[in-house]
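The values are calculated or read from the model by the stated rules, or taken from the named source; none is laboratory data. As the structure is a computational prediction, the values presented were derived from the model and not from experiment. Please note: Cβ atoms are built from the backbone with ideal geometry, for glycine as well, and neighbour counts cover all protein chains shown.
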Amino acid sequence: MIKSQLESIRQAAAEKIASAEDRAELESLRVAYLGKKGELTAILKQMGGLSAEERPVVGQLANEARTYLEELIALSLQRFKSLEKNARLAGETIDVTMPGTPVPRGHKHPLSIVLDEVKEIFLGMGFSVASGPEVELDYYNFEALNIPPGHPARDTQDTFYITENILLRTQTSPVQIRYMESHKPPIRIIAPGRVYRSDAVDATHSPLFHQIEGLVVDRGITMGDLKACLEALAKELFGQATKIRLRPHHFPFTEPSCEVDVSCFRCGGEGCSMCKGEGWIEILGAGMVHPQVLRNGGIDPGEFSGFAFGVGLERIVMARYRIDDLRLFYENDIRFLSQF
Ligand code: PHE
């Protein structure tokens, strides 16, 4: 009696499992047959009424039926899983011919645009690009450039000190010394980089700005070479009609020294708001490398001479694009940056 009941439950369950249509149906079949209140379980509960001989036989049959149904369910579950996976994969297929989502592209910062141009101009004249540390020794930033402790030039280049002897460089000129120490003439380099001064921020001052140092050392270098070199730079940067003007000046590490102006490219020298009525715009400091500075770099001033210059990058970029506030370079305002 129980045996035939078992057999018919087994068959009915097997058929239903085979024709189950999804995982939920499969699960409810599992509960209906094998769960705590399931049909198969109910049969087992009737076993108390069986004889001692029958009980193990029926017990074994019931267990076999359970194992059989469990296997069927597991197989079916497997099938549903792989069907689901295939459906998911089909849904995820990418149509590579669909138009993409446009990604906004950035571009170079105006300071980098002009710096790269300056590099190209000098590379074209046979210069190479050198660099030095921004955290610099007092020796390279000041002493080796003829600015001993107590020298008034230190006041105009007040900076941020790490220790008494280590500071954030106030100029790119220390690269002159470092480069001469490790290279023999002929030397022809530019050294662009960040410099620091303890200045309050306003439209024309920033505690961080950029300079481009230039250094040429060889036999027979004169002020004429300096002038020709800077004239070439000015014409390339601001247009062939640009003139330059050298005004006497003083730097402790060049002798003689000058400041260099370019003719105002807006008014051509007439005087306008751009050049504040002057007709000229100052862009750099320069001069012939002081003999003691050559010596400090390990170069004999009896045999070699040289010129050096230091351009303020922000200043030429402002002149070039008619930008009237230095702070715009550092604020990362996309409305400003996207204009270049
Ligand atoms: N280092 C100078 C400054 O920051 C500029 C300079 C460089 C002048 C090289 C002469 C020669 O003002």
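Structure notes:
- Restricting D138, D158 to residues that are modelled with pLDDT under 95 and of a type outside the set (S, T, Y) narrows the list to D158.
- Test: residue in the range 145-161 that is away from the ligand (no atom under 12 Å from the Cβ) and either aliphatic (A, V, I, L, M) or closer than 28 Å to S128 by Cα (or both): no
- Test result for D202, modelled with pLDDT under 95, charged (D, E, K, R) and away from the ligand (no atom under 14 Å from the Cβ): yes
- Residue check for E303: in contact (Cβ under 8 Å) with a residue 12 or more places away in the chain and surrounded by 15 or more Cβ atoms within 10 Å (Cβ to Cβ): no
- Selected residue (only one of D300, D218, D202, D225 is touching a Pro at 6+ places or on another chain (Cβ under 6 Å) and in the same structural domain as F160 (by TED's automatic domain parsing)): D218
- When residues in the range 184-242 are screened for being among the β-branched types (V, I, T), surrounded by fewer than 18 Cβ atoms within 10 Å (Cβ to Cβ) and touching a Ser or Thr at 6+ places or on another chain (Cβ under 9 Å), 1 of them pass.
- Subset of the range 135-159 [surrounded by 14 or more Cβ atoms within 10 Å (Cβ to Cβ) and under 30 Å from L337 (Cα atoms)]: Q157, T159
- Test result for V260, touching a Lys or Arg at 6+ places or on another chain (Cβ under 8 Å) and within 13 Å of the ligand (Cβ to nearest atom): yes
- Among the residues of the range 299-321, the ones that are touching a Ser or Thr at 6+ places or on another chain (Cβ under 9 Å) and not in a strand (DSSP E or B) come to 3 in all.
- Test set (1) exposed (fewer than 12 other Cβ atoms within 10 Å of the Cβ); (2) under 60 Å from the mean Cα position of the chain (by Cα); (3) not basic (K, R) - T67 fails condition number: (2)
- Filter result for R327 (assigned to a helix (DSSP H, G or I), touching a residue at least 60 places away in the same chain (Cβ under 8 Å) and not polar (S, T, N, Q)): yes
- Annotation: of all residues in the range 288-298 being more than 18 Å from F127 (Cβ to Cβ) and outside any loop (DSSP other than H, G, I, E, B), the one that is farthest from the ligand (Cβ to nearest atom) is R295.
- The single condition from (1) touching a strand residue (DSSP E or B) at 6+ places or on another chain (Cβ under 7 Å); (2) exposed (fewer than 10 other Cβ atoms within 10 Å of the Cβ) that D95 fails is (1).
- The strands (runs of 3 or more DSSP E) found entirely in the range 111-201 that carry 1 or more residues being of a type in the set (D, E, K, R) are 135-137, 187-196.
Rundown of residues vs (1) under 18 Å from M318 (Cα atoms); (2) in a strand (DSSP E or B); (3) in contact (Cβ under 8 Å) with a residue 12 or more places away in the chain, yes/no style:
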residue: F209; (1), (2), (3): yes, yes, yes
residue: G214; (1), (2), (3): no, yes, yes
residue: G224; (1), (2), (3): no, no, no
residue: A228; (1), (2), (3): no, no, no
residue: E231; (1), (2), (3): no, no, yes
residue: R247; (1), (2), (3): no, yes, yes
residue: P256; (1), (2), (3): no, yes, yes
